[in-house]
Each structure stands twice: as C-alpha cells, then as structure tokens.
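> Sharing a structure below in structure tokens format, with a few things to ask.
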C-alpha cells in the first residue's frame with residue numbers, strides 16, 4: 001500500500017479569488033443593461049469566464065525511509081492506477097520475507113506433535129483397559145491420561161505457531177510492498193523530483209514525483225449572486241476552451257458553494273468535464289454557458 005499525499009482540489013482556490021476580483025471590477029465599470037421588451041427576442045444566454053484545472057494533484061512520497069533504487073516513469077508519461085512508479089532498495093525486506101516463508105513451510109514440529117498425540121492416546125486407552133482388569137493401578141491410568149492431555153496441548157501450540165508463521169509471511173510481504181510505489185489514479189507524470197541513489201526520508205521536503213489526474217477535469221468559475229438557486233448540482237453546461245484548444249464540450253455541475261463572497265457578490269461553482277484521451281490540457285481558460 002502506498003501512502004501517497006494527494007491534494008484534491010476540493011477547497012477554494014486562488015483561481016476563484018481572481019475571478020471574484022475581476023467580476024467585481026466589471027460590475028462597477030459596465031453600465032446597467034435596459035430590460036428587454038416583453039415582446040422582443042429572447043436575450044442570449046450569458047457566458048462566464050472559467051478555468052479548466054486538473055482533477056487533483058498528487059505528491060508521490062514513500063511511507064518508509066530508503067534509498068531510491070529505480071524510477072520507472074518519465075515526465076509527461078501517462079500512467080494507469082496501480083502502475084509501478086518507483087522502487088526503494090529492499091534487500092533486507094526480501095530476505096525477511098524469504099525467512100518468514102521458510103518458517104511457515106516447516107511442518108516438523110506439527111507432525112511430531114500429531115504423532116505424540118496419537119501415541120499417548122493409545123497408551124491412555126490401554127492403561128484404562130488394564131486398570132479395569134486390575135492389572136495396573138489407577139495412578140498409572142491417570143498418568144497416561146495426563147500425558148495424552150499434555151500432548152494435545154503441545155499439538156495446539158504447534159498449530160498456533162504455524163498460524164503465527166503464516167501471519168509473519170503476510171507482514172513481511174506488506175513491509176516489502178511499501179518499498180514499491182504505485183500510482184493511485186489514472187494520470188500524467190508532471191515532474192520527477194528525485195533520482196535513483198538519492199535518499200527518501202519522511203521529513204524530506206520534495207516528493208519523489210508529482211502526478212495530476214486530468215480525466216475528468218475540474219472547471220472552476222464564479223457566478224453573480226443573481227444566479228444562486230438557478231444553477232444546481234447535476235445541471236449541464238457548455239464549456240468552450242480558448243484557442244488553440246477550442247471546441248464545445250458538455251460538463252456537469254458538481255459543486256455549488258453554499259457560501260457567498262460578500263465583497264464581490266459572487267459564489268463559486270465547479271463543473272466536472274470528461275476528458276477521454278486527455279485531449280484537453282489543464283490550465284486553460286474557458287467560457288461557460290448554462
């Protein structure tokens with residue numbers, strides 16, 4: 001398992017603050033538009049500035065300290081969820097796993113305990129028969145019974161030790177797995193910060209690499225308070241990225257902020273934009289219509 005520190009874009013971003021400042025400035029400078037006549041043509045749908053952003057940015061780090069053994073991806077390379085990204089040196093961990101497997105495979109103690117149980121059971125049964133015929137004392141029979149019960153407990157202990165050995169194998173396997181870092185999402189490598197031979201430690205500032213998820217994309221925009229209640233979660237919108245990307249794309253409202261910005265008289269909205277094949281890059285300005 002890979003404890004990977006991700007920074008999903010679920011909180012207000014600087015983009016929204018920039019949009020709000022620009023929106024407030026435009027509201028002051030532009031004159032009011034006279035109301036359309038009741039029998040006139042329908043007013044065109046308003047278009048709002050927006051920004052297309054990555055779904056989330058992920059800083060890939062290791063949960064354990066170690067020397068980087070290999071980096072298996074490059075900047076700009078697309079990765080699938082579960083793709084092996086990097087490995088740390090793991091000689092001692094591999095040896096520990098082999099040792100645990102060897103111990104778990106040992107059956108001598110268990111077989112010996114099983115044979116002793118069978119032997120002492122027969123001895124106890126014979127002693128019980130002889131005691132009924134007064135050939136041996138009750139004390140001899142009791143001793144045979146005690147030996148059988150002791151052998152049974154020894155068999156139980158051997159079986160429990162075998163289970164513990166199997167658990168040690170699982171633990172050693174998990175420790176070894178921590179030396180391999182895998183992608184938690186389908187995404188793209190945007191930067192590789194460390195190289196093979198460098199030490200990865202828990203208090204290190206830089207991650208090993210950074211990934212971004214760009215399918216789907218987030219579309220962030222700021223709307224005036226007059227639109228609050230009109231735009232709802234699940235509603236469709238048309239997004240037009242600026243050139244040279246261009247095109248018209250369908251997006252769906254995913255988040256409508258429940259709070260307003262009093263200074264600018266706006267609220268934030270996030271759209272979810274499908275991006276199969278990563279055709280639309282993140283970081284592009286756009287216009288959105290509902």
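> Please name all residue pairs, on different chains or six or more residues apart, with Cβ atoms under 8 Å, provided the first residue is in the stretch 249-278 and is within 11 Å of residue 224 (Cα to Cα) and the second residue is assigned to a loop (DSSP other than H, G, I, E, B).
Short answer, once both residue conditions are applied: 266/260; 267/257; 267/259; 267/260; 268/12; 268/257; 269/257.
Residues checked against (1) touching a strand residue (DSSP E or B) at 6+ places or on another chain (Cβ under 7 Å); (2) in contact (Cβ under 8 Å) with a residue 60 or more places away in the chain:
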| position | (1), (2) |
| --- | --- |
| 159 | no, no |
| 162 | no, no |
| 169 | no, yes |
| 178 | no, yes |
| 211 | yes, yes |
| 226 | no, no |
| 232 | yes, no |
| 243 | no, no |
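> Another one. Please work out if residue 119 is touching a strand residue (DSSP E or B) at 6+ places or on another chain (Cβ under 7 Å), loosely packed, with under 14 Cβ neighbours inside 10 Å and not assigned by TED's automatic domain parsing to the domain that holds residue 274.
For residue 119, the condition - touching a strand residue (DSSP E or B) at 6+ places or on another chain (Cβ under 7 Å), loosely packed, with under 14 Cβ neighbours inside 10 Å and not assigned by TED's automatic domain parsing to the domain that holds residue 274 - is not met.
> So which residues in the stretch 69-108 are free of Cβ contacts under 8 Å to residues at least 60 places away in the same chain, part of a helix (DSSP H, G or I) and either under 27 Å from the mean Cα position of the chain (by Cα) or crowded, with 16+ Cβ neighbours inside 10 Å (or both), if there are any at all?
Selection gives 91, 92.
> Something else now. Please work out if residue 188 is under 30 Å from residue 72 (Cβ atoms), under 24 Å from the mean Cα position of the chain (by Cα) and not in a helix (DSSP H, G or I).
yes
> Where residues in the stretch 262-287 are out of contact with any helix residue (DSSP H, G or I) (no Cβ under 9 Å at 6 or more places or on another chain) and assigned to a loop (DSSP other than H, G, I, E, B), which of them is surrounded by the fewest Cβ atoms within 10 Å (Cβ to Cβ)?
So, considering only residues that are out of contact with any helix residue (DSSP H, G or I) (no Cβ under 9 Å at 6 or more places or on another chain) and assigned to a loop (DSSP other than H, G, I, E, B), the one surrounded by the fewest Cβ atoms within 10 Å (Cβ to Cβ) is 262.
> Now for a different question. Sort through 198, 174, 147 and tell me the only one that's more than 24 Å from residue 82 (Cβ to Cβ) and either in the same structural domain as residue 110 (by TED's automatic domain parsing) or under 18 Å from the mean Cα position of the chain (by Cα) (or both).
Every option except 147 fails the conditions.
> Report yes if some residue within the stretch 29-40 is surrounded by 10 or more Cβ atoms within 10 Å (Cβ to Cβ), touching a strand residue (DSSP E or B) at 6+ places or on another chain (Cβ under 8 Å) and modelled with pLDDT under 60; otherwise report no.
No, every residue in the stretch 29-40 fails to be surrounded by 10 or more Cβ atoms within 10 Å (Cβ to Cβ), touching a strand residue (DSSP E or B) at 6+ places or on another chain (Cβ under 8 Å) and modelled with pLDDT under 60.
> Let me ask another. Kindly establish whether residue 138 is outside the structural domain of residue 277 (by TED's automatic domain parsing), buried (at least 17 other Cβ atoms within 10 Å of the Cβ) and either over 30 Å from residue 94 (Cβ atoms) or touching a helix residue (DSSP H, G or I) at 6+ places or on another chain (Cβ under 6 Å) (or both).
Here the answer is no, as residue 138 does not meet what is asked.
The values are calculated or read from the model by the stated rules, or taken from the named source; none is laboratory data. In this text the structure is predicted, and so the values were computed from the model without any measurement. Quick reminder, even Gly has a Cβ in these numbers, built from the backbone with ideal geometry, and neighbours come from all protein chains shown.
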